[in-house]
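In what follows, a structure is listed as structure tokens, so that the remarks can point back to it.
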Amino acid sequence: MVLNDPLANTLSKIMNAEKVSKKEIVVKPYSKVILKILEIMNDHHYVGESTVVADGRGDHLIINLIGKVNNCGVVKPRHAVTKDNFEKFEKRYLPAKGFGILIVSTSKGMMTHDEAKEKNIGGRLIAYCY
């Protein structure tokens, strides 16, 4: 099986597991980007803790689910967003104003769109979650 987008696979695994009320999932392969996005989702109480397990055959990631994700996914193509332009994408990817997060890759690292607005910087849209 060829995986073209590990981040999209991880987020769809999270969605599928949430639909059937699973408590944890195993993700393989994973990357620093996936870990950072899961950390942001954990900070906003969408998923629980994620743990890296070294088994000697290509490590894997265990994600604890807490049943708070209604929908999440990647943004393709990865749109470039200026600091004044977030509202257009909030309307496109989130169901209501102030509900959910857009995850943005900026020159200052990964963050939510609200943090990027506060810091007055733009970036590229990576994912959304609500």
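Would you tally the residues in the stretch 91-110 being surrounded by 11 or more Cβ atoms within 10 Å (Cβ to Cβ) and farther than 21 Å from LYS36 by Cα?
3
List pairs: first residue in the stretch 101-122 and basic (Lys, Arg), second residue assigned to a strand (DSSP E or B) anywhere in the structure, Cβ distance under 8 angstrom, at least six positions apart or on different chains.
Listed pairs, sorted by first residue: LYS119/THR106; LYS119/MET111.
List pairs: first residue in the stretch 86-99 and hydrophobic (A, V, I, L, M, F, W, C), second residue in a helix (DSSP H, G or I) anywhere in the structure, Cβ distance under 7 angstrom, at least six positions apart or on different chains.
Sorted first by the residue in the stretch 86-99, then by its partner, the pairs are PHE86/HIS113; PHE86/LYS117.
Which ones in the stretch 1-57 are in contact with a Gly (Cβ under 9 Å, 6 or more places away or on another chain), small (Gly, Ala, Ser) and part of a loop (DSSP other than H, G, I, E, B)?
SER21
All of the numbers you see were taken from the coordinates with simple rules; none came from a lab. Quick caveat: nothing in here was measured; it's all calculated off a predicted structure. Note: ideal-geometry Cβ built from the backbone for every residue, glycine included; neighbour counts use all protein chains shown.
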